[in-house]
Structure formats: C-alpha cells, structure tokens
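Chemist: Have a look at the structure that comes next, please.
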Amino acid sequence: MQIRHLMEDMVERLTPAERQLKSVLMADYPFAGLEPIQELSRKARISAPSISRFVNKLGFAGFQEFQQTLVRELKQGNRSPIDLRENQTTEQEASLGAYLQRIEALNSELSERVSPAQFDRVCKLLGDPKRRIYMIGGRMSDSIAGFFVRHLCQIRKDVYHIPSDPEIWPDYILRLRPKDIVLVIDFRRYQASLERLSVQVRNCKAQTIVITDQWISPCAKGASELISVPIDSGTLWDSYVPAFALVEALLIPLAEMDWDATKARIAEWDKMRDEPKDGIGE
C-alpha cells in the first residue's frame, strides 16, 4: 500500500498537528516527503521529533525508511514496458480468460479507491452548467479524454477537448474563467507538459480534476479532485480499462442529473446528424 493511502486510512487516529503534516505532504506528494526533516518541520510547523513519531505511526522504523519508500514509489511511476516485462516474477498465462481475471481485479480495486462521496463530488463539478469543462490526456491516455468529451458534449454544452499540441494551449488557457474545470488524465511515464499546463490552469483560478495512477502524476499538485486509478495489470502493458470504466460510470449520473435537458440535447443532436446533406437523397 502506498504511503498516501496509509495516511488516508489512519486519518481518524491522527492528532491535529499530524493532520496538518499530512496536508503538507499531500499538497506536493510525494516530493514534500523527500525534503530534509528540518525543512518539512518548518513547512508543516511541527517539530522534527513529532514527524518521527508520525512516520513510526505509519509503520516505518524512521524517517529514512519513510523517504526510501517514497523513492521506490517514484521509480514505479517511471517504469517502461521493458522494465515491467523484466520485473515479472512469474510467467504470465497469456489466455484471454486469465487477462480478464486480472482486469476484474483492477476494477474491484478501483471501486475501493473511489469513495461514493468523491464520485458524487466529481459528478457535481462536471454537471454544473455554470462551469465550462475542458479535458486533455497524455500521449496514450488522451484517447480516454476524447472518449469522455464525445459523450459528455451530448449531455451538456461547453465541453471542450484541448488539443495535444502545446502551441495551441494558450488559446484555451486564455478562455478560462474562475471555477471552470480542466480534467487531466495522466498515467505513468508522466507527460511534463501536462504539469506545466496544470500550473497555468490554476494561475487562472480554474480548477483541475486529475485522473492518474497510484504513483500520482506531478500535475496532480493542487487538484480539486485527485482520482487514483489502478493500472498495473501484471504484464508489460498497463491497463486503461479501469479508467474507461470510471469515465463510463460518471456518464450515467451526469446524463440523469437533468434528464429533460439531456434528452432534448440528444434529440437535437441526432436530428442534425440525420439531416440529409445537400444533393444527397434527392
């Protein structure tokens, strides 16, 4: 289990000072925890001995072991398909049935990671008609963002897919209003340009929702909502099936949130699609 999950699981047992330390660690996870203990003490306004007691409470022998674990988490976030293949401890069965069993396990893990309260919060943000919604993903994960946009724009207006070319981003950033939402999807071997985009979005007072993996993309810093999706399929390829499942699950309540408006929009959408083109069908 990752350190961030350990902290979340025991939040009820933390003292007020430890909860403040947890907030500092989560605000720039995992990098805040890699700073010298004196610097972390200064930022969190908690003594170094109290930090040591905190990491002991998490199950670590000391601050050094705590930091070593964070470093291992960071390395996991940069593993390539070659690394994943070379680090397989056993020969994987290559049948369809065996693979689907692994995907089923990932989907079950997703349901445990995303609480009903967080799911409802994200739906409320994406369904708010006063907010414009922008989406973008990384080199591979942008296909998920595109899938989400194509469906959501049939449900509500003001939904946009930010192009992958950073040269075009200023046109979208300059449109942002406070409280607009930029949803970013970024999985391991994270895309540095998305981190820069997220900073610019927050500078415009807009909010970010970040869908990432258990090792947490750097662009998640300062996100209004962070959704950690399990992707490690145990093969040389990470699986994006749980991410697609999450998006499909979100689309259902978003469509039902104001069904009369959704129904009218889809009807108009289909009417325009079905209209004959000039010179066709005459």
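The values are calculated or read from the model by the stated rules, or taken from the named source; none is laboratory data. No experiment lies behind these values; they were computed from the predicted model shown. With ideal geometry, Cβ positions are generated from the backbone for all residues, glycine too; neighbour counts draw on all protein chains shown.
Chemist: Would the stretch 219-227 turn up any residue that is closer than 20 Å to Ile133 by Cβ, touching a residue at least 24 places away in the same chain (Cβ under 8 Å), crowded, with 21+ Cβ neighbours inside 10 Å and touching a Phe, Trp or Tyr at 6+ places or on another chain (Cβ under 8 Å)?
Modeler: Yes.
Chemist: In addition: Run down Ile209, Ile216 and say which single residue is modelled with pLDDT of 90 or more, out of contact with any Gly (no Cβ under 6 Å at 6 or more places or on another chain), crowded, with 21+ Cβ neighbours inside 10 Å and among the hydrophobic types (A, V, I, L, M, F, W, C).
Modeler: From the options Ile209, Ile216, the qualifying one is Ile209.
Chemist: Considering each residue of the stretch 173-188, count those that are buried (at least 19 other Cβ atoms within 10 Å of the Cβ) and either outside the structural domain of Leu126 (by TED's automatic domain parsing) or out of contact with any Gly (no Cβ under 8 Å at 6 or more places or on another chain) (or both), and give that number.
Modeler: Qualifying residue count for the region: 5.
Chemist: Test of understanding: among Leu25, Leu58, which residue is surrounded by 19 or more Cβ atoms within 10 Å (Cβ to Cβ) and either within 30 Å of Ser224 (Cβ to Cβ) or at pLDDT below 90 (or both)?
Modeler: Leu25
Chemist: Any residue at all in the stretch 157-171 that's touching a residue at least 40 places away in the same chain (Cβ under 8 Å), at positive phi and not assigned by TED's automatic domain parsing to the domain that holds Val24?
Modeler: For the stretch 157-171, residues touching a residue at least 40 places away in the same chain (Cβ under 8 Å), at positive phi and not assigned by TED's automatic domain parsing to the domain that holds Val24: absent.
Okay, residues lined up against (1) out of contact with any helix residue (DSSP H, G or I) (no Cβ under 8 Å at 6 or more places or on another chain); (2) modelled with pLDDT of 85 or more; (3) at negative phi:
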residue: Cys204; (1), (2), (3): no, yes, yes
residue: Glu225; (1), (2), (3): no, yes, yes
residue: Gly234; (1), (2), (3): no, no, no
residue: Leu251; (1), (2), (3): no, yes, yes
residue: Arg265; (1), (2), (3): no, yes, yes
residue: Lys277; (1), (2), (3): yes, no, yes
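Chemist: Taking the stretch 104-127, which residues are outside any helix (DSSP H, G or I) and touching a residue at least 24 places away in the same chain (Cβ under 8 Å)?
Modeler: Scanning the stretch 104-127 gives a single hit, Val114.
Chemist: Can you find a residue that is loosely packed, with under 15 Cβ neighbours inside 10 Å, over 19 Å from the mean Cα position of the chain (by Cα), at pLDDT 85 or above and not assigned by TED's automatic domain parsing to the domain that holds Ser233 anywhere in the stretch 79-96?
Modeler: yes
Chemist: A further question on this structure: Sort out which residues of the stretch 1-40 are farther than 16 Å from Gly62 by Cα and part of a loop (DSSP other than H, G, I, E, B), and write them in order of number.
Modeler: Within the stretch 1-40, Met1, Gln2, Met10, Leu14, Thr15, Asp28, Tyr29, Pro30 meet the criteria.
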